[in-house]
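Colleague: My questions will all concern the structure given below.
The values are calculated or read from the model by the stated rules, or taken from the named source; none is laboratory data. All figures in this text were calculated on a predicted structure; none of them were measured in a lab. Cβ atoms come from the backbone with ideal geometry, glycine included; neighbour counts cover every protein chain shown.
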Amino acid sequence: MIATEPKASLKGGEFLIKETQAAQVFIPEEFTEEQQMIAATCREFLEREIWPRLNEIDNAKSPELISSLMDKAGELGILGTSVPEEYGGFGTNFNTSMLVAEVTGAGHSFSVALSAHTGIGTLPIVYYGNEEQKAKYLPKLASGEWKAAYCLTEPDSGSDANSGKTKATLTEDGKHYVLNGQKMWITNGGFADVYIVFAKIDADKNLSAFIVERGYEGIAMNEPEHKMGIKGSDTRQIFFNDCKVPVENLLSSRENGFKIAVNILNIGRIKLGIAAVGGSKEVINHAVRYSNERKQFKTAISQFGAIKHKLAEMALKVYASETASYRAGQNIDDLIEDLKGQGMDDASAKLKALEQFSIECAIMKVHGSEVLDYVVDEGVQVYGGMGYSADAPMDRSYRDARINRIFEGTNEINRMLVVDMLLKRAMKGELDLMGPAMAVAKEIMSIPDFNSDEEEGIFVAEKKVIRNLKKAALMVSGAAVQKFMMNLSNEQEILMNVADMAIEIYVAESVLLRVEKLIGIQGEEAVALQKQMALVYLHEAVEKVNNAGRAAITSFAEGDELRGMLMGLKRFTKIEPMNLKDARRQIADAMIAENKYIF
């Protein structure tokens, strides 16, 4: 048996080598009444202020409309959920801020402006600012009086952020840094009052970060970019030409900017993933309603099996992504509380916890953004010809969704980060991957144990499937490490195969645990549909793990090693067949009857 551990002792990435119990995970059904009221406030704001004005927002010729909507969000407290109470915010826990990100994620261009302000624009000061900086900036950022933007990307530095060329030079009197450089793709650039700007001081190897106010001299910008989607989001190039920044506006310490950028991006990644879930749910609402309204051959198209298949697949992928996101969010919250209990201050505890679960943050960024892309693509298909019309909602959803696989590090970069971070922790002795991997290698050479376990309870067979999927991932990754050693980083295709295995394992396990916990609370009959979703998702995960594993193995193994590993992969990706068609129809029928996403 794989050992189980208390909540807060779990480490990032340990899901591959340790078994989690249902009691250890947080599920969305456990949100408190207060948290649900916050979510309701956010949704009412979208219904009242955003959704009726989506065309106006997209066609706005200036950033004034988005800025004014941010003001209204500020009045409701939506901008201050992650800001400590002593600076005018609400100081909510991480999963509550995730819930806000989910609901507002259905706000199209507005949600991009909102997340840029509340996340990458404000959090660097929350986590890295000194007391003077926090007191000066956070109250106005929490209220919306000031808006924030984040200036990291440059024309020649996208994924390789530390290669930026923007320079900062200390003046002779030691009172200012003079910034010179160019930043691009800056969300909120046209109306932000505060910019978090990354630059290298003199000949430093690493970036430093600065708080730059709009009123400082030497700041210029281009007109808004013309983009494929999120057209209402104000995105610009910003130029710093001998921009004098007071020395007291250096954020944290010299050359700590790259670490700031990495840690803030961890937050951005998992929140992007959960925001994609919010967007996906609204797309499903549209698709279900349209399928009930649209008739062909005198029958609502919602009654056709092909449409039911689409609706069910959309729903179960979203349900799974939501589940895994909040599982990771609660792991972060638990570790924050554990670290604070050990005497660590609030900001340091949050940064440490986010760094610890950076693997899960990257996983959920990839999964959530790709689920959204799947959902909007199928949404267009459900609408048929109307899906291609700019007068129907799928046009905007389809275009707006595409950026999410690029935002916060491309999905390719995030996939490679997942494996890179796992292996680095293993090499440092923080994560024992090689021990379990070697055990799996020995198991491949042994005779399979066909004796059934004496375990009792829910999902006994399915949990065995999850354990075997983990063995498959350990087998492939362990063999790849032995084959390529330090050159594995050059084998990007294999890294992405292994990442796909890890992603599907994490999400499939998460949804099983959620449903198991729900059954314990509500009874099996009450959550029969959720159980079907968990089972269908697991079957699909098994197939994806098998395909990714085969692609990796055939990339580097030969002869007897190839045959042995393929046999091992076949052994570790077995699952008892079930009637997936009927399960999907039950899921779809329930939504069709309610005329919306119901989970």
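Colleague: As an exercise: evaluate residue 246 against (1) at pLDDT below 95; (2) within 30 Å of residue 178 (Cα to Cα); (3) of a type outside the set (S, T, N, Q) and give the number of the one condition it does not meet.
Modeller: The failed condition is (1).
Colleague: Mind checking whether some residue in the range 354-362 is modelled with pLDDT under 95, farther than 22 Å from residue 227 by Cβ, assigned to a helix (DSSP H, G or I) and out of contact with any helix residue (DSSP H, G or I) (no Cβ under 8 Å at 6 or more places or on another chain)?
Modeller: No, the conditions are met nowhere in the range 354-362.
Colleague: Can you find a residue in the range 165-173 that is in contact with a helix residue (DSSP H, G or I) (Cβ under 9 Å, 6 or more places away or on another chain) and buried (at least 23 other Cβ atoms within 10 Å of the Cβ)?
Modeller: No; the residues of the range 165-173 include none that is in contact with a helix residue (DSSP H, G or I) (Cβ under 9 Å, 6 or more places away or on another chain) and buried (at least 23 other Cβ atoms within 10 Å of the Cβ).
Colleague: Suppose we filter the range 283-308 for residues that are hydroxyl-bearing (Ser, Thr, Tyr), surrounded by fewer than 20 Cβ atoms within 10 Å (Cβ to Cβ) and assigned to a helix (DSSP H, G or I); how many remain?
Modeller: Total satisfying the criteria: 0.
Colleague: Among 59, 130, which is in contact (Cβ under 8 Å) with a residue 40 or more places away in the chain and either among the charged types (D, E, K, R) or surrounded by fewer than 17 Cβ atoms within 10 Å (Cβ to Cβ) (or both)? So that I can check it myself, show each step before the final result.
Modeller: Values: 130 fails: in contact (Cβ under 8 Å) with a residue 40 or more places away in the chain.
That would be 59, the only listed residue that is in contact (Cβ under 8 Å) with a residue 40 or more places away in the chain and either among the charged types (D, E, K, R) or surrounded by fewer than 17 Cβ atoms within 10 Å (Cβ to Cβ) (or both).
Residue by residue, here is whether (1) of a type in the set (Ser, Thr, Tyr); (2) over 29 Å from the mean Cα position of the chain (by Cα); (3) outside the structural domain of residue 308 (by TED's automatic domain parsing) holds:
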{"site": "525", "(1), (2), (3)": "no, yes, yes"}
{"site": "536", "(1), (2), (3)": "no, no, yes"}
{"site": "541", "(1), (2), (3)": "no, no, yes"}
{"site": "554", "(1), (2), (3)": "yes, yes, yes"}
{"site": "576", "(1), (2), (3)": "no, yes, yes"}
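Colleague: Can I ask one more? Taking the criterion of being in contact with an Asp or Glu (Cβ under 7 Å, 6 or more places away or on another chain) and free of Cβ contacts under 8 Å to residues at least 60 places away in the same chain, would at least one residue in the range 335-342 satisfy it? Give the steps one after another, and end with the answer.
Modeller: Of the range 335-342, the ones in contact with an Asp or Glu (Cβ under 7 Å, 6 or more places away or on another chain) are 340.
Of the ones still in play, those that are also free of Cβ contacts under 8 Å to residues at least 60 places away in the same chain are 340.
Yes, there is a match, as at least one residue in the range 335-342 is in contact with an Asp or Glu (Cβ under 7 Å, 6 or more places away or on another chain) and free of Cβ contacts under 8 Å to residues at least 60 places away in the same chain.
Colleague: Another question, if that's okay. Looking at the range 368-393, which of the residues that are small (Gly, Ala, Ser) and part of a helix (DSSP H, G or I) is surrounded by the most Cβ atoms within 10 Å (Cβ to Cβ)?
Modeller: Only one residue fits best here, namely 368.
Colleague: Moving on to the next point. Give me a count of the residues in the range 165-194 that are touching a Lys or Arg at 6+ places or on another chain (Cβ under 7 Å), free of Cβ contacts under 8 Å to residues at least 60 places away in the same chain and not charged (D, E, K, R).
Modeller: 3
Colleague: Now, a different point. Are any residues in the range 394-412 buried (at least 22 other Cβ atoms within 10 Å of the Cβ) and either in a helix (DSSP H, G or I) or β-branched (Val, Ile, Thr) (or both), and if so, which ones?
Modeller: 394, 397, 400, 401, 404
Colleague: Determine which member of the set 280, 321 is buried (at least 17 other Cβ atoms within 10 Å of the Cβ), touching a Gly at 6+ places or on another chain (Cβ under 6 Å) and in the same structural domain as residue 387 (by TED's automatic domain parsing).
Modeller: Working: 280 fails: touching a Gly at 6+ places or on another chain (Cβ under 6 Å).
Just a single option satisfies the conditions, and that option is 321.
Colleague: Suppose the filter is more than 24 Å from the chain's Cα centre (by Cα) and under 26 Å from residue 561 (Cβ atoms); does residue 501 pass it?
Modeller: no
Listed here are the residues, each with its yes/no results for (1) within 24 Å of the chain's Cα centre (by Cα); (2) polar (S, T, N, Q).
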position: 213; (1), (2): no, no
position: 228; (1), (2): yes, no
position: 253; (1), (2): no, yes
position: 278; (1), (2): yes, no
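Table: residues versus (1) over 18 Å from residue 590 (Cα atoms); (2) in contact with an Asp or Glu (Cβ under 7 Å, 6 or more places away or on another chain).
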site	(1), (2)
269	yes, yes
285	no, no
288	no, no
297	yes, no
304	no, no
316	no, no
320	no, no
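Colleague: Taking the conditions exactly as written (without any contact (Cβ under 8 Å) to a residue 24 or more places away in the chain and surrounded by 17 or more Cβ atoms within 10 Å (Cβ to Cβ)), does residue 143 satisfy them or not?
Modeller: It is false that residue 143 is without any contact (Cβ under 8 Å) to a residue 24 or more places away in the chain and surrounded by 17 or more Cβ atoms within 10 Å (Cβ to Cβ).
Colleague: Confirm whether residue 197 is over 30 Å from residue 50 (Cα atoms) and either in contact with a helix residue (DSSP H, G or I) (Cβ under 6 Å, 6 or more places away or on another chain) or of a type in the set (A, V, I, L, M, F, W, C) (or both).
Modeller: Working: over 30 Å from residue 50 (Cα atoms): no; either in contact with a helix residue (DSSP H, G or I) (Cβ under 6 Å, 6 or more places away or on another chain) or of a type in the set (A, V, I, L, M, F, W, C) (or both): yes.
So residue 197 fails the test.
Colleague: To continue, here is another question. Is it fair to say residue 470 is assigned by TED's automatic domain parsing to the domain that holds residue 586, among the charged types (D, E, K, R) and surrounded by 21 or more Cβ atoms within 10 Å (Cβ to Cβ)?
Modeller: yes
Colleague: Suppose we keep only residues that are more than 14 Å from residue 212 (Cβ to Cβ) and in contact (Cβ under 8 Å) with a residue 12 or more places away in the chain within the range 146-157. Which one would you say is farthest from the chain's Cα centre (by Cα)?
Modeller: Looking at the filtered set, the residue picked out is 155.
Colleague: Right, next: Going through the range 153-185 one residue at a time, which ones are outside any loop (DSSP other than H, G, I, E, B) and small (Gly, Ala, Ser)?
Modeller: 157, 161, 163, 168, 181
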